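Trainee: Submitted below is the structure of interest, expressed as C-alpha cells.
Derivation of every value follows stated rules applied to the coordinates shown; laboratory data play no part. Keep in mind that this is a model prediction, so the values were computed, not measured. Heads up, the Cβs are rebuilt from the backbone with ideal geometry, glycines too, and the neighbour counts pull from every protein chain shown.
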Amino acid sequence: MRPVGGRRVSGQQPRNCAPPGKKGRLRREIFWPCGPNYVKKGTIRTGKAMTTVRTRFSPSPTGSLHLGGAHTALFNWLYARRHGGVFILRIEDTDKERSQEKFVAEIQESLTWLGLTWDEGPYRQSRRLHIYQEYVERLLAAGAAYYCDCDPEELKVRRETMLARGEKPRYDRRCRELGLGRGPTAAVRFKTPLSGATHWRDRIKGPIAFDHAELDDLVIMRADGIPTYNFAVVVDDITMAVTTVIRGDDHVPNTPRQLLIYEALGVEPPEFAHMPLMLGQDRAKLSKRHGALPVLEYRRQGFLPHTLNNYLARVGWSHGDQEIFSPEELIRYFSLENVGKSAGIFDMEKFLWLNSHYLKEMSPLEVGGNLAFYLAAAEGGRPDPGYFARVAATLQARCKTLAEMAQAAAFYFRDPRPYEAQAAAKFLIPANVALLREIMGRLEALPELTEAAVSGMLKDVADAAGVKVVNVAQPVRVALAGKTVSPGLGDVIAILGQEEVARRLQNAIRFIEENSSPDESARRT
RNA sequence: GGUCCCAUCGUCUAGAGGCCUAGGAUACUGCCCUCUCACGGCAGAGACACGGGUUCGAUUCCCGUUGGGACUACCA
C-alpha cells in the first residue's frame, strides 16, 4: 500500500519532461516513469519546468454513463484539476455494432451534470481513422505487425477447441511469418515478442510484470480499417499527449500489450495509474447487467450532483478521516498517493446519508429551487421561489432525496384527500369533530399565524382537555396533510395559511360526518 | 483452467514496525430531545482471513494457503 521507490519523493509526481508533441508528432526525450531507471534520487524536477498534466476519460458509447464510469471520470478530472492540467474527453466508438449516438449525448449530459467539464474534445475515434492508418503503416514498415487473413469464424472455432482441450485459447500465429500483403479480408496483428517480459511501475499498484509468453498477437486493425481498442488507445494517448492514464484496474491486463506498442512505435509511454474498481452489491464489476444505473437515473431519483462526486471520491481514495468534501477540497486534496488498491462496494445506505447531509446543508432557497423542478412534473406547484423555500425548510431534515421530498411536499400544493386509509380510520372519527372545530376557532382567533403561536395553541388545547399534545396534533395533521407524518404543525399551518387550513379542517369534519353511521356518531359525539 | 490484481468492523476507510486497549464514517441497537416522522445529542455492539518466517517487537515487511475480483475477442 505504501509507495515504493521514488513515489514518495517530496510529494512530487514524476512527469514527462518534454512538451507535448505538436499535431501528431511524437514527443521527444520523455522521462519514462515506468522504466527501470525510474526516479533516481534528485532527478525529479519541480513546478514549471514540467509538462502540463493531461488526463483523459475515454468511454465507449455502448451504454449510459454509470457509476463506474463516473468514478473513473472523476479521478481523472480531479487529478487534472489538482495539477492545473488538461482533462480530455474522448469517445471510443470503434465498435460500430454497439456504439450509439444517443449514448454519446447522454455521456456528455451526465458529465456536465456532474460538473466534470472537459477542456478538450470530445474527440471521436471514428473520425480519426486516418491517424490510426498512418501508425499501422509505421508498424508494418518496421516489421512489428503483419497481415493476417484467418477467418474470424474459424478463429472462434479454433479458440473453442483449444479451450475444450484445456489449452490457452490464443491465436496460433500461423500468419506471423507468412509475409501476407494487404487484402480485403486481412486484419493487422501486432507481432508480440515471443520471450521476455514487460513491466512498469504503476502509480497506484506499484510494480507489475507480465511475461510475453502469456500474450498473443492481438489484432490491432480489423480488415475494414477500423482499429481495435488496444491500438487506438495507444495512438490516441500519444497524439493527444496524455501524460497520465488513470483507468480502472480491469485494464491492467491490457497495459503490457499497450506498452509493447509504444515500444514498437519508439514512443515513451505515459505513466499509468490503475484505480480500484467499484463493485456492485454482488461484489461484481459494475455493469448494466448487474443493475448499475445510469448516472442520470440518480438525478431523476433526486440525488445532488455533488453527492455523487463526494461519494465516488471516497471509494478508493481518502484524506484521513474526512468524509465531507466541498468541490474545492476535493481538488485541493486529491492525490494518487492516497488512492487505495482494493476494490470497493457501492453502498446505497451511505450514499443516501451523504445526499441527506447535503440536503440539510443547503439553503432552503436552493433546495426549494431544486424541489420545484421535481414537483413540476408531478404537481405543477406554485412557481413562487419564496414559497418553495419555506416548504423546503420544513422538509430538508426529513428527506434523503429530492424525489422523496417532492412526495413529502405534495400536500403543500394540493388537497390532502383522499386521506391515507389507516390514518383516517384512526383519527378522523366522530370523537374528534369537536376538537377539529375548536382548533379551527382558535386559529381564527390567533393574531398571527406563526410556528410559536400555533404550537402554543395546540398545547393550550391539550392542557384544557387534559390530554397529551399528540392527541390533538394527530387528527389535525391528518386533516391537513392526509397522513400521520408531516413536518411540525406550526410550520405546516403557517405555510398553508389561515384560509387553506380552515378549508381542510372543514373538509375533514365533513368527511367524518359522511363516513360514520348516524347512531355511531350520535353515540360518540 | 491460465495470467494478473486485491485482502482492517456488514459497507467505505484511517493505519508508513512500537503512537493500536486498532480510529472515523455509514448501517445497526439503546437512551435523551420531541405534536407525528425526521434532525440532533450521548452511549453500545462490531474488523486486522489463515499459516509460516524476518524482528527485541508485527495490522504494518517477506513467503505460502485460502478467499474475492479482473482479464483471457477482428468489445472497450
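Trainee: Using the beta-carbon distance between A:Arg138 and A:Glu214 and R0 = 25 Å, what value does 1/(1 + (r/R0)^6) give for FRET efficiency, to the nearest 0.05?
Mentor: On the way: r = 26 Å, r/R0 = 1.03.
The value I calculate is 0.45.
Trainee: What FRET efficiency, computed as 1/(1 + (r/R0)^6) with R0 = 25 Å and r the Cβ-Cβ distance, is obtained for A:Thr450 and A:Glu514, rounded to the nearest 0.05? If you can, show how the numbers build up before the last one.
Mentor: Details: r = 33 Å, r/R0 = 1.33.
Result of the calculation: an efficiency of 0.15.
Trainee: If the chain between A:Ala410 and A:Gln100 were fully stretched, how many nm would it gain, using 0.36 nm times the residue separation less the Cα-Cα distance?
Mentor: Between A:Ala410 and A:Gln100, full extension yields an extra 107.8 nm.
Trainee: Restricting to Cα pairs below 8 Å that are 6+ residues apart, what does the relative contact order work out to for region A:377-500? Please round to a whole percent. Please list the in-between numbers first.
Mentor: Values: 101 pairs, mean separation 41.1, N = 124.
Worked out over region A:377-500, it gives 33 percent.
Trainee: Quote to one decimal, in nm, the extra length available between A:Ala397 and A:Ala502 on full extension: 0.36 nm per residue of separation minus the C-alpha distance between them.
Mentor: Details: separation 105, 0.36 × 105 = 37.80 nm, distance 2.73 nm.
So the chain would gain 35.1 nm between A:Ala397 and A:Ala502.
Trainee: Same structure, new question: Using 7 Å Cα-to-Cβ label points, what is the A:Lys350/A:Ser326 separation (nm, one decimal)?
Mentor: Here the modelled spin labels are 2.4 nm apart.
Trainee: Go through region A:76-162 and name the trypsin sites (Lys or Arg not before Pro) that are in a DSSP coil and have 14 or fewer other Cβ atoms within 10 Å of their Cβ.
Mentor: Of the trypsin sites (Lys or Arg not before Pro), the ones in loops of region A:76-162 whose Cβ has at most 14 other Cβ atoms within 10 Å are A:Lys96, A:Arg98.
Trainee: Output the relative contact order of region A:430-500, whole-number percent, from Cα pairs under 8 angstrom with separation of 6+ residues.
Mentor: That works out to 37 percent.
Trainee: Among A:Phe346, A:Phe190, what is the fewest-to-most ranking by other Cβ atoms within 10 Å?
Mentor: A:Phe346, A:Phe190
Trainee: Considering only C-alpha atoms, what is the centroid distance from region A:247-266 to region A:187-205, in Å?
Mentor: 6
Trainee: For chain A, what's the relative contact order in percent, using C-alpha pairs closer than 8 Å and at least 6 residues apart?
Mentor: Relative contact order here is 12 percent.
Trainee: Scan around A:Met221 for amide H atoms under 5 Å from its own, H built in the peptide plane at 1.01 Å from N, and keep only partners 5 or more places away or cross-chain.
Mentor: Correct list: A:Val188, A:Thr228.
Trainee: Moving on to the next point. For A:Met348, A:Met275, which order do you get if you count the other beta carbons within 10 Å of each Cβ and list the fewest first?
Mentor: Fewest to most other Cβ atoms nearby, the residues stand as A:Met348, A:Met275.
Trainee: Rounded to the nearest 0.05, what FRET efficiency is calculated for A:Arg182 and A:Glu154 with R0 set to 25 Å and r the Cβ-Cβ distance?
Mentor: FRET efficiency, A:Arg182 to A:Glu154: 0.80.
Trainee: Which order do the peptides A:405-412, A:219-226 take when ranked by the mean count of other beta-carbon atoms within 10 Å per residue, highest first?
Mentor: A:405-412, A:219-226
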